[in-house]
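Colleague: Sharing a structure with you now.
The values are calculated or read from the model by the stated rules, or taken from the named source; none is laboratory data. Given the structure is predicted, the values throughout are model-derived calculations rather than measurements. Ideal geometry is used to build each Cβ from the backbone, glycine not excepted, and the neighbour counts take in all protein chains shown. The area values use the complete protein model at the heavy-atom level, side chains included, leaving out ligands, DNA and RNA. Shrake-Rupley method; radii C 1.70, N 1.55, O 1.52, S 1.80 Å.
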Amino acid sequence: FAVLYSSYFRDDETGKAMSHITFCLGLGQAVSSIGGWIADKYNRTMPFYVSAAISVLGLASMMFIPDNTRKSETPRSFRSLLSIATHRRLLTVSIITALSQAAVFVTTQSFLNIYAKNIGASDTDLGILWFIINGCQTLAMLLTGTIIAPRIGYKASVGIAYSSIMCATFITPY
């Protein structure tokens with residue numbers, strides 16, 4: 001979906017496009033925090049049924065989105081794809097991103113949930129916690145790609161984001 005969405009933006013608006021799509025994805029995840037309330041109200045399998053129904057609606061709505069992707073004039077060979085996949089900068093960025101995602105997910109999706117459950121949090125409480133965490137991340141993604149990065153630059157924005165992740169990860173256990 002991100003590839004299709006980014007095709008609607010000019011090449012120099014890639015950051016803006018990714019910021020918008022990440023915001024939309026994060027907003028969906030934040031709203032999904034009602035799953036805890038649904039589980040408390042009905043049962044623990046009901047959020048999965050609700051999610052499946054929403055997925056069907058999403059699939060149906062995709063049928064009406066036009067495909068404006070540009071066709072490549074030259075066909076891609078396996079060798080050219082391999083050269084892209086082994087490009088030093090792409091590998092470096094991918095590894096850094098994977099490590100930062102690991103730090104965020106280990107903290108927010110593993111440790112905090114387990115800790116909250118151990119101190120007596122209900123499924124609804126976990127949903128509220130997830131909404132707060134995801135809501136903050138989602139808003140930060142939107143603001144970074146649309147306001148902050150265009151003003152201070154993408155490299156500085158990424159540096160601030162990684163520094164924030166590092167600080168938050170260090171203080172979370174306390």
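Colleague: Please indicate, with yes or no, whether at least one residue in segment 126-136 is free of Cβ contacts under 8 Å to residues at least 24 places away in the same chain, of a type in the set (Val, Ile, Thr), in a loop (DSSP other than H, G, I, E, B) and loosely packed, with under 14 Cβ neighbours inside 10 Å.
Modeller: Within segment 126-136, none of the residues are free of Cβ contacts under 8 Å to residues at least 24 places away in the same chain, of a type in the set (Val, Ile, Thr), in a loop (DSSP other than H, G, I, E, B) and loosely packed, with under 14 Cβ neighbours inside 10 Å.
Colleague: Between a first residue in segment 87-110 that is farther than 21 Å from residue 33 by Cα and assigned to a helix (DSSP H, G or I) and a second residue that is open to solvent by 60 Å² or more (accessible area, probe 1.4 Å) and of a type in the set (Phe, Trp, Tyr), which pairs have beta carbons less than 9 Å apart while being 6 or more apart in sequence or on different chains?
Modeller: Listed pairs, sorted by first residue: 96/162; 100/162.
Colleague: Across segment 115-139, which residue is farthest from residue 21 (Cα to Cα) among those that are within 18 Å of the chain's Cα centre (by Cα) and not hydrophobic (A, V, I, L, M, F, W, C)?
Modeller: 127
Colleague: Take segment 76-86 and flag every residue that is open to solvent by less than 70 Å² (accessible area, probe 1.4 Å) and outside any helix (DSSP H, G or I).
Modeller: Correct list: 77 only.
Colleague: Right, here's the next one. In this structure, is residue 70 at pLDDT below 85, of a type in the set (D, E, K, R) and assigned to a helix (DSSP H, G or I)? I'd like the intermediate steps shown before the answer.
Modeller: Values: at pLDDT below 85: yes; of a type in the set (D, E, K, R): yes; assigned to a helix (DSSP H, G or I): no.
No, not satisfied.
Colleague: Scan segment 94-121 for residues that are of a type in the set (Ser, Thr, Tyr) and open to solvent by 40 Å² or more (accessible area, probe 1.4 Å) and jot them down.
Modeller: Matches in segment 94-121: 94, 97, 110, 115.
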